[in-house]
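Peer 1: Provided herewith is a single structure, encoded as structure tokens, for subsequent inquiry.
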Amino acid sequence: METTSSLDRVRATEFAPDTTYLNTSSCGLLPRRTVEAVKDLAEGNALGRLAGGGSHEAVDRARVGFARIAGVDPARVATGGSVAGHVALVAASLPAGAEVLAPEGEFASVVSPFAVRGDLKMRYVPLEGLAEAVRPGTALVAFSAVQSADGKVADLDAVRAAAAAHGARTLLDASQSAGWLPLDAAAYDYTVTGAFKFLLCPRGTSFLTVTEEAQEALPVLYAGWLSAEDRWNSTYGPVERLASTARRYDEAVAFLAYHGAEHSLALLAEVGIDALHDHATGLAARFREGLTALGHPAVPGTSAVVAVPGLGVREPELSRAGVAISNRAGNLRAAFHLYNTEADVDRALDVLSR
């Protein structure tokens, strides 16, 4: 594991926000190296120096970088542009009448692709009772590791165990957790991760992981030459042989996003997820303690995402004071990451104390 000095070095050399930025749950800050990579590609395109507008090798390096964080082989990782697009693949794989279980208030991109089909049985329960609600006949449990609205962390072990006991598959959204909470993607049939939050990638970067068994049921909705085993000899006519890996599920990617993504993911690997976890959750704990002292108790827990029920109305005031923060479902939501410091926590508390 990297030492804290690596985190300090990266924070000093890669980030220089001009606000107190506590809004990573909405969008992470881009490291300087990522910004430079995007600029270089855009400049090359403007000057006509890049055939095709970007490098598929850069996309594959981003795939490897995410696989390292997710703890899986790159062969299990597909690339795309959105969580909803990845979830749609899973939704298309289910037979009519299948039951999908999800937490109440789950993020729309995780449940809407199932709900809009109209022929699936959608069942919603409180997050705390998700594991107990899995039953015979449940086809899939779709849920986020960390809830967007309030930062609650799911009981991952219990949900996995319950799903296994009843033969249900699992779909985990790691968009609010990957980058600070260790991820074992191999433990789930599917994971989806919007990488523009805690993974600090440009928007338009999203990853899907699929177990080998689950690949048997997943349709290849985006089939094209990029999903071929031999890409460069599959550009005309129907693809004769699909990729034998999860690359068969790749969407056509936005090169600007992925040219930046490979550098953001490499940066996180330098620091180490364990170090990021300790740093982010330590700052979140400091914020919770300060909020309690001010008479504004936050949602209990140890998440890097802190939510204060009913306090979302103060978001505009904090924004005017230079504190970037969110109002989600009436909650004041703050999210802490590697570029944050104790001074950021104290600045937000100071504004709230007025």
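Peer 1: Here is a list of conditions, (1) open to solvent by 60 Å² or more (accessible area, probe 1.4 Å); (2) under 25 Å from Gly194 (Cβ atoms), and Glu229 meets all of them except one; can you say which number that is?
Peer 2: Unmet for Glu229, out of (1) open to solvent by 60 Å² or more (accessible area, probe 1.4 Å); (2) under 25 Å from Gly194 (Cβ atoms): (2).
Peer 1: Among (1) farther than 26 Å from Thr302 by Cα; (2) in a strand (DSSP E or B), where does Thr191 come up short?
Peer 2: Only one criterion is unmet by Thr191, namely (1).
Peer 1: Still on this model: Quick check, is Arg68 surrounded by 14 or more Cβ atoms within 10 Å (Cβ to Cβ), charged (D, E, K, R), over 21 Å from Ala343 (Cα atoms) and in contact (Cβ under 8 Å) with a residue 40 or more places away in the chain? I'd like the intermediate steps shown before the answer.
Peer 2: On the way: surrounded by 14 or more Cβ atoms within 10 Å (Cβ to Cβ): yes; charged (D, E, K, R): yes; over 21 Å from Ala343 (Cα atoms): yes; in contact (Cβ under 8 Å) with a residue 40 or more places away in the chain: yes.
Here the answer is yes, as Arg68 does meet what is asked.
Peer 1: So which residues in segment 1-53 are hydrophobic (A, V, I, L, M, F, W, C) and open to solvent by 60 Å² or more (accessible area, probe 1.4 Å), if there are any at all?
Peer 2: Taking segment 1-53 first, the residues hydrophobic (A, V, I, L, M, F, W, C) are 1, 7, 10, 12, 15-16, 22, 27, 29-30, 35, 37-38, 41-42, 46-47, 50-51.
Within segment 1-53, Met1, Ala12, Ala16, Leu30, Ala46, Leu47, Leu50, Ala51 qualify.
Peer 1: Okay, moving on. Return a yes/no flag: does segment 306-315 have any residue that is within 22 Å of Arg203 (Cα to Cα) and touching a Phe, Trp or Tyr at 6+ places or on another chain (Cβ under 8 Å).
Peer 2: Among the residues of segment 306-315, not one is within 22 Å of Arg203 (Cα to Cα) and touching a Phe, Trp or Tyr at 6+ places or on another chain (Cβ under 8 Å), which makes the answer no.
Peer 1: Suppose the filter is more than 20 Å from Ala214 (Cβ to Cβ) and acidic (Asp, Glu); does Asp73 pass it? Steps first, please.
Peer 2: On the way: more than 20 Å from Ala214 (Cβ to Cβ): no; acidic (Asp, Glu): yes.
It is false that Asp73 is more than 20 Å from Ala214 (Cβ to Cβ) and acidic (Asp, Glu).
Peer 1: Next up: Cβ-Cβ under 9 Å, sequence separation 6+ or interchain: first residue in segment 291-302 and modelled with pLDDT of 95 or more, partner of a type in the set (D, E, K, R) and part of a helix (DSSP H, G or I). Which pairs?
Peer 2: Correct list of pairs: Pro297/Arg288; Ala298/Arg288; Val299/Arg288; Pro300/Arg288; Gly301/Arg288.
Peer 1: Based on what the data block shows, is Ala131 within 10 Å of the chain's Cα centre (by Cα) and either surrounded by fewer than 24 Cβ atoms within 10 Å (Cβ to Cβ) or within 30 Å of Ala269 (Cβ to Cβ) (or both)? Show your work before the answer.
Peer 2: Details: within 10 Å of the chain's Cα centre (by Cα): no; either surrounded by fewer than 24 Cβ atoms within 10 Å (Cβ to Cβ) or within 30 Å of Ala269 (Cβ to Cβ) (or both): yes.
In short, no.
Peer 1: Now for a different question. Any idea which residue in segment 304-336 is farthest from the chain's Cα centre (by Cα), counting only those that are open to solvent by less than 60 Å² (accessible area, probe 1.4 Å) and under 12 Å from Ser26 (Cβ atoms)?
Peer 2: Glu315
Peer 1: Considering only segment 245-282, state which residues are of a type in the set (A, V, I, L, M), assigned to a helix (DSSP H, G or I) and out of contact with any Asp or Glu (no Cβ under 7 Å at 6 or more places or on another chain). First the steps, then the outcome.
Peer 2: Step one: filter segment 245-282 for residues of a type in the set (A, V, I, L, M), giving 246, 252-254, 256-257, 261, 265-269, 271, 273, 275-276, 280.
Among the residues that remain, those that are also assigned to a helix (DSSP H, G or I) are: 246, 256-257, 261, 265-269, 271, 273, 275-276, 280.
Correct list: Ala246, Leu256, Ala257, Ala261, Leu265, Ala266, Leu268, Ala269, Ile273, Leu276, Ala280.
The values are calculated or read from the model by the stated rules, or taken from the named source; none is laboratory data. Just so you know, these numbers come straight off a predicted model, no measurement behind them. Cβ atoms come from the backbone with ideal geometry, glycine included; neighbour counts cover every protein chain shown. Areas reflect the complete protein model, heavy atoms only, side chains present, ligands, DNA and RNA absent. Shrake-Rupley method; radii C 1.70, N 1.55, O 1.52, S 1.80 Å.
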